[in-house]
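Presented below is the structure to which this report refers.
The values are calculated or read from the model by the stated rules, or taken from the named source; none is laboratory data. Just so it is clear, the model here is predicted, and its values are computed rather than measured. Here Cβ is always computed from backbone atoms with ideal geometry, including for glycine, and neighbour counts include all displayed protein chains. To get the accessible areas, we keep the full protein, side chains included, count just its heavy atoms, and leave off ligands, DNA and RNA. Shrake-Rupley method; radii C 1.70, N 1.55, O 1.52, S 1.80 Å.
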Amino acid sequence: MAAAVAAESGPRRLGFVGAGRMAEAIAQGLIQAGKVEAQHVLVSAPTDRNLCRFRALGCQTTHSNREVLQSCSLVFFATKPHILPAVLVEVARVVTAEHILVSVAAGVSLSTLEELLPPMARVLRVSPNLPCVVQEGAMVMARGRYAGSDEARLLRTLLEACGQCEEVPEAQVDVHTGLSGSGVAFVCAFSEALAEGAIKMGMPSGLAHRIAAQTLLGTAKMLLQKGQHPAQLRTDVCTPGGTTIYGLHALEQGGLRAAAMSAVEAATCRARELSRK
């Protein structure tokens, strides 16, 4: 593996247990950023249905979860949340003090992970989102009891190749799931609605969707690079008696702000429900 991942202890392989979209997004982001070579990534899944996409990236694949743990010291668990406990029980016997174990499963708490793994296991939780695949993800991470600053630093160094990564208390992980994990779908719905408004007014569909997406991208870059509060940027665009204030009035009449807040709240509450199960 690349030196950025290897740290001082020599080469390591990077493993993924689970081959879904989120595992693919993280793996592809890391490979594209040069943080890891594709042939040093080992991915497991019970069938070949998703593994073929990893083979196309140049990764190694297997049907054995234990093989991933036996071959890799840094392992991402990217299974469905309801499957993860059984997977952890399956691999627990091959977990050693050398492993750094990272869960990306929504709603599975650090305490649950630690209960199902050997004592002193170094465990972290990461809440990523799908734009990791284009290296523009928004991620948060939380440490378990036995994961120290070195493990957190290594993981953050890796994940920053996929976008922005912040360390937070575990209580905020579910909120991030509602805001950013689910938020990708919310933003897509808004982008689609913007484009359809332009289509209604006579703009060709393809052009409308491209301009809507670019508008979201440009606005996001301004907010991040200038460090402005969204209200300030909105005010900068909104001239008295102009087009924008008329449009904002229509959005307020439609309840956009309340609907967006309710969407994040609903998604966060669902993440918390999953945590309790």
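Here are a few things to note about the model shown:
- Qualifying residue in the range 25-33 (condition: at pLDDT below 95, more than 21 Å from residue 80 (Cα to Cα), assigned by the TED database to the domain that holds residue 82 and not hydrophobic (A, V, I, L, M, F, W, C)): yes
Rundown of residues vs (1) under 21 Å from residue 71 (Cα atoms); (2) among the β-branched types (Val, Ile, Thr); (3) in the same structural domain as residue 71 (by the TED database), yes/no style:
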position: 108; (1), (2), (3): no, yes, yes
position: 121; (1), (2), (3): yes, no, yes
position: 128; (1), (2), (3): no, no, yes
position: 132; (1), (2), (3): no, no, yes
position: 146; (1), (2), (3): no, no, yes
position: 163; (1), (2), (3): no, no, yes
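- Matching residues, the range 34-83, being open to solvent by 40 Å² or more (accessible area, probe 1.4 Å), under 21 Å from the mean Cα position of the chain (by Cα) and among the aliphatic types (A, V, I, L, M): 57, 83
- One residue from 43, 36 being in a loop (DSSP other than H, G, I, E, B), at negative phi and touching a Leu at 6+ places or on another chain (Cβ under 8 Å): 36
- Residue 79 of a type outside the set (D, E, K, R), assigned to a loop (DSSP other than H, G, I, E, B) and either free of Cβ contacts under 8 Å to residues at least 24 places away in the same chain or more than 18 Å from residue 177 (Cβ to Cβ) (or both): no
- Restricting attention to the range 157-167, the residues that are open to solvent by 10 Å² or more (accessible area, probe 1.4 Å) and either touching a helix residue (DSSP H, G or I) at 6+ places or on another chain (Cβ under 9 Å) or at pLDDT 95 or above (or both) total 6.
- When the residues of the range 191-223 are filtered to those that are of a type in the set (A, V, I, L, M, F, W, C) and in contact (Cβ under 8 Å) with a residue 12 or more places away in the chain, the one that is farthest from residue 129 (Cα to Cα) is 198.
- Scanning the range 120-139 for residues that are surrounded by fewer than 20 Cβ atoms within 10 Å (Cβ to Cβ) and under 19 Å from residue 72 (Cα atoms) turns up just one, 120.
- Helices (runs of 4 or more DSSP H) fully within the range 199-277 that include at least 2 residues being surrounded by 11 or more Cβ atoms within 10 Å (Cβ to Cβ) and touching a Cys at 6+ places or on another chain (Cβ under 8 Å): 243-254.
- Only listed residue being out of contact with any Phe, Trp or Tyr (no Cβ under 8 Å at 6 or more places or on another chain), in contact (Cβ under 8 Å) with a residue 12 or more places away in the chain and of a type in the set (D, E, K, R), chosen from 90, 160: 90
- Sole exception among (1) at pLDDT below 95; (2) under 24 Å from residue 268 (Cα atoms); (3) small (Gly, Ala, Ser) for residue 191, by number: (1)
- Filter pass, residue 170 being closer than 20 Å to residue 25 by Cα, charged (D, E, K, R) and surrounded by fewer than 20 Cβ atoms within 10 Å (Cβ to Cβ): no
- Tabulated pairs, the range 168-184, first more than 16 Å from residue 274 (Cα to Cα), second outside any helix (DSSP H, G or I) and small (Gly, Ala, Ser), C-beta under 7 angstrom, 6+ apart or interchain: 168/142; 169/142; 180/138
- The requirement of being open to solvent by less than 20 Å² (accessible area, probe 1.4 Å) and part of a strand (DSSP E or B) is not satisfied by residue 30.
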